[in-house]
1. If only one of 262, 244 is buried (at least 19 other Cβ atoms within 10 Å of the Cβ), free of Cβ contacts under 8 Å to residues at least 60 places away in the same chain and within 17 Å of residue 166 (Cβ to Cβ), which one is it?
2. Before we move on, is residue 246 part of a loop (DSSP other than H, G, I, E, B), of a type outside the set (Ser, Thr, Tyr), closer than 15 Å to residue 179 by Cα and in contact with a helix residue (DSSP H, G or I) (Cβ under 6 Å, 6 or more places away or on another chain)?
3. When you go through 78, 36 one by one, which is the residue that is in contact (Cβ under 8 Å) with a residue 12 or more places away in the chain and either more than 30 Å from residue 187 (Cβ to Cβ) or surrounded by fewer than 19 Cβ atoms within 10 Å (Cβ to Cβ) (or both)?
4. One residue is enough: does region 143-159 have a residue meeting the conditions part of a loop (DSSP other than H, G, I, E, B) and either of a type outside the set (Lys, Arg) or within 21 Å of residue 24 (Cβ to Cβ) (or both)?
5. Do you know which of the residues in region 1-42 that are small (Gly, Ala, Ser) and assigned to a strand (DSSP E or B) is nearest to residue 149 (Cα to Cα)?
6. Please specify each residue of region 47-62 satisfying the condition of being within 14 Å of the chain's Cα centre (by Cα) and in a helix (DSSP H, G or I).
7. So in region 131-147, with the set limited to residues that are surrounded by 21 or more Cβ atoms within 10 Å (Cβ to Cβ) and of a type outside the set (Lys, Arg), which one is nearest to residue 179 (Cα to Cα)?
8. Quick one: how many residues across region 81-101 are of a type outside the set (A, V, I, L, M) and either within 20 Å of the chain's Cα centre (by Cα) or surrounded by 24 or more Cβ atoms within 10 Å (Cβ to Cβ) (or both)?
Amino acid sequence: MTEITTLQVRKTNLNELEVSTTHSPDDLRAKILVRIERFGLTANNITYGVVGDRIGYWKFFPTADTTFGVIPVWGIGIVEESGLPEIAAGERLYGYWPMGSHAVLEPGRIDETRFFDASEHRKDLAAVYNRYLRLSNDPQDDPATDDMRMVLWPLYATSFCLYDFALAGEWYGAEQVLIVSASSKTGIGTGYAFQADPSAPKIIGLTSAGNKAKVDALKLYDQVLTYDQIEAGLDNVPTLIIDMSGSGPVISRLHQHLGDNMRFTSHVGLTHYSEAGMGDGYIRERSEMFFAPGHIAKRNADWGPGEFERRSGAFWTKAMHKSADWLTLDHAQGEAQAVSAYRQVLAGKTPADHAWTISLSD
């Protein structure tokens, strides 16, 4: 048996973290044991925890004590033991993991490029989270991009979905698109997607005064405003808001300022999750949470198998290379450093142009 270390958080208080130690099952028939080589950690993962009950993120990696949960992360795994003839020990995988050293998966729908976890408790969960890419079988795979993939792919997949969603809605009649928390990685990715389309409306980035210089340096947005410039600096014209912040006070101010010109608000992330809760002036009937897996499922039905992956993959490759100019990756090894990195991200102390990769395995 292999000892498995997992970081768990109390569902009602993400500051309360504990280390759980279990062992792999004796019987691995129809299952595989994967050593999680390393995983990415960003504010996106904190969002998984904040909305864990509402969206179902706690269901992916169940815990013995149900008051605690495991925040999912994206990363690279190596198959240590396999109870399936189709999957060999030593294979490299990319996918959705617990914050831990190992995971046990039950592969189904296996082909040369991927498989889906077929565990009973995951059968009703979004397919994009149950999919694992078999990197060892991909001749285009470049291990040198592993860190960027684990940090940026899930974020930029959402960015591509947001752009495609807005395009399909004919920009909601907006003359400008306002990206709130424009220094966030998903915000930057969304900016890349809109910037690449000459038919897209004007793109405005809204950020903190402390991040404005870095956001300006990206040369991505047509205009960059700080939160204290909303009323004086934002043109009151038809506007589509893409909100990465989840900040109730900011969104309420925007809705009050724009009034009828606030055509639609798509809530995506919660980078300022402690401020969540909309106040006076919030226009609920033209606002909605955006769930990227739902959009991906729709596009898979619209476009047919593999087409969403092809289009989003082409976008991701270009955006990833652009991001190498500004993104700094910090690395944590071992339990103590992993806990420290988690607490930094949770407290919002990781700079917007940094991200963590973490390894708990030996």
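1. Working: 244 fails: free of Cβ contacts under 8 Å to residues at least 60 places away in the same chain.
Of 262, 244, the one residue that is buried (at least 19 other Cβ atoms within 10 Å of the Cβ), free of Cβ contacts under 8 Å to residues at least 60 places away in the same chain and within 17 Å of residue 166 (Cβ to Cβ) is 262.
2. Yes.
3. After applying the criteria, what remains is 78.
4. no
5. For region 1-42, the residue satisfying everything is 40.
6. Scanning region 47-62 gives 47, 48, 49, 50, 52, 55, 57.
7. This residue is 132.
8. Adding up the residues that qualify gives 6.
The values are calculated or read from the model by the stated rules, or taken from the named source; none is laboratory data. Fair warning: this is a prediction, and the values are worked out from it, not measured in the lab. Reconstructed Cβ throughout: ideal geometry from the backbone, glycine too, with neighbour counts over all protein chains shown.
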